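*Asks:* One structure coming up, written as structure tokens, with questions to follow.
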Amino acid sequence: MKINHSNIKKAKILLNKNECIAIPTETVYGLAGNAYSDKACKKIFTLKKRPNYNPLIIHYFNYQASKKDCVLNDDFFRLYKKFCPGPITFILELKQKSKISKIATNKKYSVAIRFPKHPIARCLLKNLKFPLAAPSANLSSKVSAVNSNDVKEDFGKKLKYILEGGQSFIGLESTIIDVRNKPKILRLGGLEVSSIQKVLKKRIKINLNSSKIVAPGQLKLHYSPGIPIRLNAKNAKDNEAYLLFKKIEKNKPNYFFLSKRGDLKEAAKNLYNILRKIKKSKYKSIAVAKIPDKGLGKTINDRLLRASKF
Ligand code: TXA
Ligand code: MG
């Protein structure tokens, strides 16, 4: 991907002034600000209408940049070597002398960090003197944004700048793993749990619905297109959008396919686009046909299940 350096420069100037901007990442777009600035972090919460108890992910260029803020350990390095930069977020112990804003971490003793792979995000991070706090660039509880138009749709003129980076090539948020003690997955995401398992070679707990809401991606209603969704639907009414995994012969105007050839990666990449498109097509509800519950299909099903708690 070609990097437009004057865009990076513009982004840098705004971030240095503690403004918020949208940035592309390989998973979804992020609403980014200086993670060391209370002012910038406050702006992120206000813009996103995000409850202040829900902490932000901190984005770094590499682990060297992160080690002054959090305690890195063996499991972290094993996964880092294999998957970073990439769609994985680590929950780690926050160092006491860390400069990360307490507003970003909600005064927790832990912090979520990740190393995005998108070349534009990397070029920006490399050029900054601070990491970026960035939740997904959508209004709280709604579908994430996977291109700059989605971001515009949610924030309009309230947002100072969107750093253009094309379509997010994964299309689902990062997988969150708590590696402080026994590894525990807190959010399914763009990296399959089985790949993580292969590297760690030990049992990994999956805890997606903690009553303590460790990660509010665990909140019940989330990723919602704003209309009701019913799952495992064998058919759909005419005024309902019908979302199917794979293209079928008997096509109807209200049918939407996640993938032409039945490919889970392609389906993941299309999911949020299609949910937004359906909402704009004025359908009042969505019926979803069964989606294979393996690999990235598990993440897709997780998102649709949460979106169905409407
Ligand atoms: O792919 C992604 O992860 C995107 C891109 C922009 O990087 N970001 C993203 O951020 O999805 P957000 O804020 O929408 O989701 C971050 C999740 C939230 O559910 C939050 O509760 C959780 O991370 N989180 C943040 N800090 C945490 C912590 N210390 N312990 C547990 N969960 C944490
Ligand atoms: Mg989000």
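*Asks:* Restricting attention to the range 265-278, and to residues there that are hydrophobic (A, V, I, L, M, F, W, C) and crowded, with 20+ Cβ neighbours inside 10 Å, which single residue is farthest from Phe245 (Cα to Cα)?
*Replies:* Only one residue tops the list, namely Ile278.
*Asks:* Something else now. Would you mind stating whether Tyr53 is open to solvent by 50 Å² or more (accessible area, probe 1.4 Å), of a type in the set (Ser, Thr, Tyr) and either farther than 21 Å from His222 by Cα or at pLDDT 95 or above (or both)?
*Replies:* no
*Asks:* Report the residue count in the range 9-27 for those that are open to solvent by 10 Å² or more (accessible area, probe 1.4 Å) and either closer than 23 Å to Thr105 by Cα or in contact (Cβ under 8 Å) with a residue 24 or more places away in the chain (or both).
*Replies:* Residues in the range 9-27 being open to solvent by 10 Å² or more (accessible area, probe 1.4 Å) and either closer than 23 Å to Thr105 by Cα or in contact (Cβ under 8 Å) with a residue 24 or more places away in the chain (or both): 7 in total.
*Asks:* When you scan the range 155-264 for strands (runs of 3 or more DSSP E) that lie fully inside it, which ones turn up with 1 or more residues that are away from ligand 1 (no atom under 12 Å from the Cβ) and open to solvent by 20 Å² or more (accessible area, probe 1.4 Å)?
*Replies:* 241-246, 255-259
*Asks:* Related question: It is to be established whether one or more residues within the range 279-297 are more than 21 Å from Asn147 (Cβ to Cβ), part of a helix (DSSP H, G or I), modelled with pLDDT of 95 or more and open to solvent by less than 90 Å² (accessible area, probe 1.4 Å).
*Replies:* Yes: one or more hits.
The values are calculated or read from the model by the stated rules, or taken from the named source; none is laboratory data. Not measured: the values here are computed from a predicted model. All Cβ positions, glycine included, derive from the backbone under ideal geometry; neighbour counts span all protein chains shown. Accessible surface is based on the protein model in full, side chains and every heavy atom, while ligands, DNA and RNA are left aside. Shrake-Rupley method; radii C 1.70, N 1.55, O 1.52, S 1.80 Å.
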